[in-house]
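A short write-up of the structure that comes next.
The values are calculated or read from the model by the stated rules, or taken from the named source; none is laboratory data. Just so you know, these numbers come straight off a predicted model, no measurement behind them. In this analysis, Cβ positions are derived from the backbone assuming ideal geometry, glycine residues included, and neighbour counts consider all displayed protein chains. Accessible surface areas use protein heavy atoms only, side chains included; no ligands, DNA or RNA. Shrake-Rupley method; radii C 1.70, N 1.55, O 1.52, S 1.80 Å.
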Amino acid sequence: MIALFLPWYSRDTDIAGAVISQTWTAWQATPVIATLLFLVAVGAIAAPSAPGAFRGDRLATLLGVLGLLLVVFRAIDMPLPDLDLVQGDHADSSRGIGLFLALVATAGIAFGARLASPAGRR
């Protein structure tokens, strides 16, 4: 959940010698995916406390894989607004620490839930 509030993307734009730096969190750049990832985190936290007959490990594994796919998609396809640059101007876009922490966290949810399942303990 914390990774959603950290910078996911940044851009340094050089226009006529003036450098403009911008950063976006997950909530600013991709609010729908940020909401889904927030729900994945809440579900992963709540899944182990599910009633006995309910397989919380399967739900947490599914949520972890879903979250991992969403983060990988956003790591590959950066949702930054397009810029109209003239010759001599340039922009450098990069991925931030929040994106990489979300990648590690969602992989951890999927892997940890898989290890917690009876099939994963064999």
Review point. Any idea which of (1) surrounded by fewer than 17 Cβ atoms within 10 Å (Cβ to Cβ); (2) more than 19 Å from the chain's Cα centre (by Cα); (3) outside any loop (DSSP other than H, G, I, E, B) is the one residue 45 doesn't satisfy?
Key: (2)
Practice item. List every residue pair whose Cβ atoms sit under 8 Å apart, with the two residues 6 or more apart in sequence or on different chains, where the first one lies in the range 47-58 and is at pLDDT 75 or above and the second, anywhere, is hydroxyl-bearing (Ser, Thr, Tyr) and surrounded by 13 or more Cβ atoms within 10 Å (Cβ to Cβ). Key: 57/117; 58/117
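So for the range 3-16 (the condition being modelled with pLDDT under 85 and not in a strand (DSSP E or B)), does at least one residue qualify?
Within the range 3-16, the first condition is being modelled with pLDDT under 85, and the residues that meet it are 15-16.
Still in the list and also not in a strand (DSSP E or B): 16.
Yes, the range 3-16 contains at least one residue that is modelled with pLDDT under 85 and not in a strand (DSSP E or B).
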Review point. So which pairs qualify, if the first residue must be in the range 65-79 and without any contact (Cβ under 8 Å) to a residue 40 or more places away in the chain, the second must be in a loop (DSSP other than H, G, I, E, B) and loosely packed, with under 14 Cβ neighbours inside 10 Å, the Cβ gap must be under 9 Å, and the two must be at least 6 apart or on different chains?
Key: none
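Do we have residue 65 as part of a helix (DSSP H, G or I), at pLDDT 90 or above and either of a type in the set (S, T, N, Q) or open to solvent by 40 Å² or more (accessible area, probe 1.4 Å) (or both) here? Talk me through it step by step, then tell me what you get.
Values: part of a helix (DSSP H, G or I): yes; at pLDDT 90 or above: yes; either of a type in the set (S, T, N, Q) or open to solvent by 40 Å² or more (accessible area, probe 1.4 Å) (or both): yes.
Yes: the conditions hold for residue 65.
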**Study point:** Long-range neighbours under 7 Å by Cβ, at least six apart or interchain, first residue more than 19 Å from residue 64 (Cα to Cα) within the range 27-39, second open to solvent by less than 70 Å² (accessible area, probe 1.4 Å) and of a type in the set (Phe, Trp, Tyr)
**Key:** 29/8; 29/9
